[in-house]
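Report on the following structure.
The numbers here are math on the coordinates, done by the rules we state, and not lab data. Everything numeric here is computed off the predicted structure, so don't read it as measured data. Don't worry about glycine lacking a Cβ; one is built from the backbone with ideal geometry, like all the others, and counts go over all protein chains shown.
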Amino acid sequence: MKSTATLSFILALFLTGNMPAYAEDMDMSGMDMSAHHHAQAAETEAVGVVDEINAAKGTVTISHEAIKSLGWPAMTMDFTVQDKKMLGKLAKGKKINFSFIQQHGDYLITKVR
């Protein structure tokens with residue numbers, strides 16, 4: 001029983017020790033790595049009402065309608081503005097049409113109409 005456990009342990013060490021070397025040898029030069037980046041950067045159109053504005057952080061809390069293209073229900077969430085000058089177009093309680101992208105885990109407003 002001990003020899004089987006020892007053999008299993010040695011085999012596991014051998015396999016996990018060689019995995020990084022295997023990954024380094026993989027040729028990924030033909031793979032399109034930009035497709036994932038472009039999918040995240042696609043602009044989404046939305047309609048919502050401004051609940052709060054934090055000018056210091058450049059963020060806006062918006063209660064937005066359902067966004068069918070993303071499968072999102074209506075909800076309230078925080079967005080970061082791409083340019084703090086956009087904050088001049090916003091006021092608490094104002095209904096807005098806006099575009100946003102997902103970037104580095106944040107939702108970034110790119111346009112306000």
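Shown for MET77, MET86: other C-beta atoms within 10 Å of each C-beta, ranked fewest to most, produce the order MET77, MET86.
Cβ-to-Cβ counts within 10 Å put VAL49, VAL60, VAL112 in ascending order as VAL49, VAL112, VAL60, the fewest first. Sites listed here are chymotrypsin sites (Phe, Trp or Tyr not before Pro) in region 45-113 whose DSSP assignment is loop and whose Cβ has at most 12 other Cβ atoms within 10 Å, and the list is empty.
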